[in-house]
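Comments concern the structure below.
Values quoted throughout were computed directly from the atomic coordinates according to the rules given, and no laboratory measurement underlies them. Model, not experiment: these values are computed from the prediction. Ideal geometry is used to build each Cβ from the backbone, glycine not excepted, and the neighbour counts take in all protein chains shown.
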Amino acid sequence: MGTVAQGLTYTDAVKLLGGSGPLMKAADNLLGGVLAVATAGGSEAAVSLFDAKTEAIRLGHLVAEKITDVVRDQGRYNRTRRLHAAHGVLVVSSFFVSLDDCLQTAGLANPDFTRDDQLRFLAAARADGSWPARLLDAGIPAPGPDRTGDRLLADLAVWYADRGRHMAGHLTGLAAWDTADDRARRAVAALLAERLPQLAADHYEDTVRRLVQDVPEFGIWLARFESRAVSRGLEGLETALLKATSHRDPARHRAALARIYRAELGEPILGGDADDLTVPSLAAAYLDPRFRVMPGGPGLRPADEDWWNGADARTDFDTFLATYLTTPQAAVVPLVLLGQPGGGKSSLTRILAARLPAADYLVVRVALREVRAEASIQDQIEQALRGAIGETVAWAELAGSADAAMPVILLDGLDELLQATGVHQSDYLERVAAFQQREARLGRPAAVIVTSRVAVADRARVPAGGLVVRLEPFDEPQVDRWLEFWNTANARYWAGTGRRPLTREVVLRFPDLATQPLLLLMLALYDAGANGLQDAEDFGTGELYERLLHDFAEREVRRVHGTHLPEHERRAQVDEELLRLSVVAFAMFHRLRLWATTAELDADLTGLGLRPSGVPRTEGFQRAFSAGEEMVGRFFFIQRTQAVQDDQTRQTYEFLHATFGEYLVARLVVQAVREGVALSRARTVRLGATEDDTLLQSLLGFTPLCARSTVVPFLRRMLTPDSRDWLLEKLRVAVTRPTHTQGTYQPVDKRIDHWMATYSFNLMLLTLACGGQVRASDLYLHARDPASWLRDTALQWRAAVPGGMLLDGFVPIHVTRTWAGDERRDLILEFTDEPTAAAVDPRWSNQFGPSWKFSGTGVADSFSTDFPLVPALAMMDLSGAFSDDVLRHAADPILSGWGWPAMATFVEHEPGELESVAATLVRLLLMDRSEGADLEALVVAHRRAAHALRVWNADVGVLAARARCHLIFRQTLEADSVRLPAVEVEGILRALG
């Protein structure tokens with residue numbers, strides 16, 4: 001895993017440590033001598049390896065002795081660069097010190113070099129891979145945030161081993177040692193290749209350990225500073241950086257920012273009324289997270305869970321950040337910090353802004369939701385400055401007055417910028433990197449950290465050389481620590497109310513919620529009310545959501561109407577509140593997003609005839625929803641995001657956990673089904689009229705229910721078999737006499753034919769969710785070929801439902817091709833836990849009923865005469881279905897090599913067993929021919945192919961295709977004849993005729 005910080009070479013390091021005095025003289029001697037070796041044109045200009053070794057050792061000693069002078073009075077960034085260079089020099093000098101010790105041990109400390117030795121040495125120096133090239137140009141393993149202390153030591157050990165082997169090869173071939181016998185040569189080579197790397201690594205570690213007191217950064221890089229076992233609120237980061245602080249007094253604006261940010265540490269992590277509970281402060285409640293780190297650049301897939309398997313989860317977040325902020329890489333490209341909603345990204349930036357020492361860092365936290373989305377990076381920073389300290393401050397002026405402090409810009413909420421405005425921001429991180437490059441050229445190098453939700457991370461390109469960090473969910477020990485703190489802080493509340501503290505066993509029944517910090521707090525607050533989580537014996541995620549949401553709605557009703565409502569009115573108000581929440585969920589669901597804007601919510605509620613509850617309607621629904629936010633503030637099922645675009649604040653709303661919305665979608669659908677069933681039964685008895693399914697039509701015609709992965713599983717748990725017949729009748733009508741009820745509820749634009757297809761597709765999913773099967777013959781009662789009718793309906797589904805969603809919908813569905821009697825083809829759809837794809841039966845495809853018999857020839861080639869291959873391929877090109885393209889791409893070699901007649905000619909091998917000639921040949925070609933493979937199976941495959949080709953009586957139009965198939969078969973048989981018995985080969989040839 002490479003980073004910018006690891007590209008430092010020894011030449012760069014030595015030059016960077018220039019200046020005056022003995023350090024500069026040693027650097028000049030070293031570089032001058034080594035460069036002379038690398039570039040000299042004759043032996044008279046050569047400087048021996050041992051001269052260079054001496055200078056390298058001397059420079060290393062000088063760096064170690066004078067390192068405090070090297071960085072004295074330097075600003076934070078310049079100090080970082082010089083220490084980085086000093087580290088590289090110490091790495092190399094440790095190698096030469098250990099080399100010297102090895103040569104002393106071997107009695108070869110100062111051999112006399114002959115002229116031949118010098119000429120050989122010069123030739124090696126000019127060759128690729130020579131020791132000067134490796135010394136001057138090779139990258140030195142350097143500290144970096146993605147390189148732990150242990151990993152750095154391991155990489156240095158490999159680096160030393162490589163140079164030890166290389167040096168052994170050079171030295172043992174010199175003429176000065178011609179008198180040594182082979183045994184002595186091997187001893188020297190072993191000493192340099194095996195002992196030298198360990199000596200160098202030990203010397204390096206001893207040197208660095210001695211310098212930690214004077215150079216705290218070395219302790220940070222090797223994780224040698226004391227880190228708390230349970231770190232809260234990035235205390236370890238602050239402690240580490242304070243050891244390296246300059247103690248300079250910050251200028252006025254920087255000091256004001258530091259005071260503002262520091263004050264946030266003591267604020268409650270959750271606003272609003274929490275009754276008598278003790279809500280922890282930001283600093284106390286924040287547990288330093290586990291995390292993973294991956295390099296940025298091409299091939300980045302941060303929203304793909306599998307992509308992160310390339311990085312181990314780490315727990316040293318304070319060390320990671322401290323290393324990042326004390327290595328040069330921080331000023332090159334932004335660090336991208338990703339997390340789930342409720343995972344603590346914004347809290348992290350608030351704590352980080354408070355913890356960085358103001359003497360050494362100029363921190364500006366930019367909440368991207370509060371600045372203009374279309375503004376430049378610099379303008380966004382300046383807007384955030386005004387919001388923080390109430391003054392208009394030019395960035396150039398502020399950065400110029402930072403003195404020795406390094407600017408650190410925290411850009412919080414890139415996902416909010418993307419979702420609230422809909423503006424394409426894929427180049428945002430590249431613009432941040434360009435801003436950093438400009439600032440570095442102007443002498444104002446700045447570190448930048450950008451946060452975003454994982455789900456939208458793929459929409460912004462991460463520059464090469466950067467790092468991507470993902471905050472991990474809590475593990476069980478972290479859940480334990482959080483609950484211990486929560487229960488201790490509220491011990492008086494437990495004692496006063498008689499309620500029981502929350503335990504790990506209870507919350508971990510819902511791991512998706514308990515492992516996200518804010519959602520864990522939500523569970524704790526809910527349980528504190530009446531031990532609702534603990535008293536429930538056994539319920540799943542859906543039941544939990546129902547209780548949480550119901551409790552949430554009751555609190556809103558009490559807030560708006562007080563506690564004096566009659567019980568039946570209170571229940572009605574709660575139901576209406578949950579209905580409104582479900583409409584919010586559908587607003588996001590239909591738009592295929594995890595959020596919805598205020599205007600969209602207003603339009604959807606109006607379209608369904610719902611009004612805001614409890615708050616006068618002054619500006620559409622926006623004010624009513626804002627009143628609802630006060631209620632959400634405690635249980636925060638919905639979080640508000642915003643961005644400023646064209647001087648207007650655009651707000652969006654999002655469920656903290658996506659499955660809250662998905663449950664509400666399923667909940668409203670089930671309610672609509674149950675009401676439809678009840679109305680149908682009532683009308684059948686009393687009125688004799690058909691039922692009214694207007695609400696179901698309104699909800700189900702826009703988006704397939706499989707658009708979100710958990711909606712259908714929720715439906716399968718909530719629907720019961722007693723709704724199946726009603727849904728099946730609705731589905732029968734939808735696929736035979738589709739209707740469209742045009743209403744005022746129009747969350748998205750939808751073509752009428754696509755609306756009707758989506759509606760029937762959703763009805764099919766609902767019918768299956770009730771249990772049992774859906775048969776084509778049950779839908780098309782009087783059709784001669786029900787399967788054909790359902791196939792046509794499936795094509796409508798395919799046209800209306802995006803390909804990926806349609807395939808997702810069919811993941812748990814098994815399709816069986818069967819017969820309704822002897823002549824009517826049928827299809828059976830059903831949910832299954834282990835869906836499989838059945839083999840294609842050509843008899844069914846070609847409408848050969850169960851009683852159909854072959855002619856005497858045993859071949860059905862009439863299809864090849866008029867097989868419409870070219871039009872069929874044209875239709876595939878037009879439809880552009882990815883699945884078609886994948887299968888067709890695999891079949892293209894058959895089409896071009898054998899021709900379509902081989903695919904459209906079917907042969908009966910056993911009674912009722914049909915297979916195309918092409919399928920038979922493909923099976924033969926793919927047979928296992930490895931050592932120990934089943935030869936009998938290979939013989940059978942050849943016999944089948946020979947039989948198929950023999951009975952294939954092609955007409956003149958397809959003779960060429962038949963001839964190509966014969967050629968392929970003969971070539972395959974010839975290749976296999978070396979492993980098949982001769983008698984079997986003869987029998988196969990006779991079968992071919």
Estimate the FRET efficiency between Glu913 and Arg681 by the formula 1/(1 + (r/R0)^6), using the beta-carbon distance for r and 41 Å for R0, to the nearest 0.05.
0.25
Here segment 145-156 yields Karplus 3J(HN,Hα) values (6.51, -1.76, 1.60; θ = phi - 60°; whole Hz; Gly and Pro given as x) of x, 8, 10, 5, x, 5, 5, 4, 4, 5, 5, 5
Sort out for me the Cα centre separation of segment 935-993 from segment 55-95, rounded to whole Å.
77 Å
Does segment 411-506 classify as rounded, prolate or oblate by the C-alpha gyration tensor (a ≥ b ≥ c root eigenvalues; a/c under 1.5 gives rounded; else a/b over b/c gives prolate, otherwise oblate)?
prolate
Which FRET efficiency, nearest 0.05, do Glu484 and Arg72 yield, Cβ-Cβ r, R0 51 Å?
0.65
Which whole-Hz couplings ³J(HN,Hα) result when phi for each residue of segment 477-492 is put into the Karplus expression 6.51 cos²θ - 1.76 cosθ + 1.60, θ = phi - 60°, listed in order with x for Gly and Pro?
x, 5, 4, 4, 5, 5, 5, 4, 5, 4, 5, 5, 5, 10, 4, 5
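Please get the size of the charge dipole for segment 859-992, origin at its Cα centre, with Cβ charges of +1 on Lys and Arg and -1 on Asp and Glu, quoted in debye to the nearest 20. It would help to have the intermediate numbers written out before the result.
Values: 11 positive and 19 negative charges, 79 e Å.
It comes to approximately 380 debye.
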Work the Kirkwood hydrodynamic radius out for segment 859-992: mean of 1/r over every pair of different alpha-carbon atoms, inverted, in Å.
15.9 Å
For segment 528-573, what does the alpha-carbon gyration tensor say about shape, rounded, prolate or oblate, given a ≥ b ≥ c as the root eigenvalues, a/c under 1.5 as rounded, and a/b over b/c as prolate?
prolate
Cα centre as origin, Lys/Arg/Asp/Glu Cβ charges: segment 235-473 dipole, Debye:
660 debye
Cβ crowding within 10 Å averaged over residues, with 277-283, 340-346 ranked highest first:
340-346, 277-283
Tell me which residues come under 5 Å, amide H to amide H, from Tyr361 once H is placed; ignore anything under 5 positions away on its chain.
Met406
Short version: what are the Cα gyration tensor semi-axes of segment 660-838, square root of 5 times each eigenvalue, largest first, in whole Å?
24, 20, 17
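Could you sort out which of Lys243/Lys345; Lys15/Lys53; Lys15/Lys243 sit more than 24 Å apart by Cα distance in this structure? Don't jump to the answer; show the numbers that get you there.
Values: Lys243/Lys345 26 Å; Lys15/Lys53 18 Å; Lys15/Lys243 28 Å.
Beyond 24 Å: Lys243/Lys345; Lys15/Lys243.
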Which far-off residues, 5 or more places away or on another chain, put their amide H under 5 Å from the one on Leu467, with H placed in the peptide plane?
Gly296, Val336
Please give the direction-averaged projected area of the C-alpha convex hull for segment 235-473, in square nanometres with one decimal.
13.2 nm²
So, for the Cα atoms of segment 477-538, Rg and Dmax in Å stand at 10.9, 31
Once you list every other residue whose beta carbon is under 11 Å from the beta carbon of Asp722, what net charge do they have if Lys and Arg are +1 and Asp and Glu are -1?
+2
In the neighbourhood of Glu915 defined by beta carbon distances under 9 Å, the net charge of the other residues (Lys, Arg +1; Asp, Glu -1) is 0
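Quick check on packing: order 148-154, 913-919, 756-762, 411-417 by the mean number of other C-beta atoms within 10 Å, highest mean leading.
Details: 148-154: 16.3, 913-919: 20.3, 756-762: 24.9, 411-417: 26.7.
Highest mean packing first, the order is 411-417, 756-762, 913-919, 148-154.
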Derived scalar couplings ³J(HN,Hα) [segment 327-341; Karplus, 6.51 cos²θ - 1.76 cosθ + 1.60; whole Hz; x for Gly, Pro]:
10, x, 4, 4, 9, 9, 9, x, 8, 9, 10, 10, x, 7, x
Sum of side-chain charges, Ser760 neighbourhood, beta-carbon under 12 Å (Lys, Arg +1; Asp, Glu -1):
+1
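Report the FRET efficiency, 1/(1 + (r/R0)^6), for Arg570 and Thr836, where r is their Cβ-Cβ distance and R0 is 60 Å, rounded to 0.05.
On the way: r = 51 Å, r/R0 = 0.84.
It comes out at approximately 0.75.
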For Ala596, what residues show an amide H to amide H distance below 5 Å, using hydrogens built from the backbone and excluding near sequence neighbours?
Tyr653
